[in-house]
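Asker: Here it is, the structure in full.
The values are calculated or read from the model by the stated rules, or taken from the named source; none is laboratory data. This one's a predicted model, so the numbers in the text were calculated from it and none came from an experiment. Glycine gets a Cβ as well: all are built from the backbone with ideal geometry, and neighbour counts include every protein chain shown.
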Amino acid sequence: MSDTPFALIQFLLALLGWPIKRLARWVDRQPHRDFSQLSVFGKIGRLALMIAATIAILGPLAWLIWG
């Protein structure tokens with residue numbers, strides 16, 4: 001049996017994981033601040049990030065349930 005499809009899937013997952021790892025390292029370097037200490041743009045950015053994460057998780061889940 002050929003391992004080519006498995007290797008291709010591993011390569012694609014590694015390629016997709018690279019930006020996520022960079023983002024995680026960047027977030028880890030950011031100072032920890034209370035939400036009340038953030039600027040308006042910081043609050044909007046954090047809200048946008050939470051909305052994007054919620055859609056990324058609940059979107060496919062809704063597609064599986066009702067699709």
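Asker: Quick check: is even one residue across segment 38-56 β-branched (Val, Ile, Thr) and modelled with pLDDT under 85? Walk me through how you get there before you give the answer.
Answerer: As a first pass, look at segment 38-56 and keep what is β-branched (Val, Ile, Thr): 40, 44, 51, 54-55.
With modelled with pLDDT under 85 added as a condition, the list becomes none.
No: segment 38-56 contains no residue that is β-branched (Val, Ile, Thr) and modelled with pLDDT under 85.
Asker: If you don't mind, there's one more thing I want to ask. Which residues, counting only those in segment 38-56, are loosely packed, with under 10 Cβ neighbours inside 10 Å and not small (Gly, Ala, Ser)?
Answerer: Result: VAL40, PHE41.
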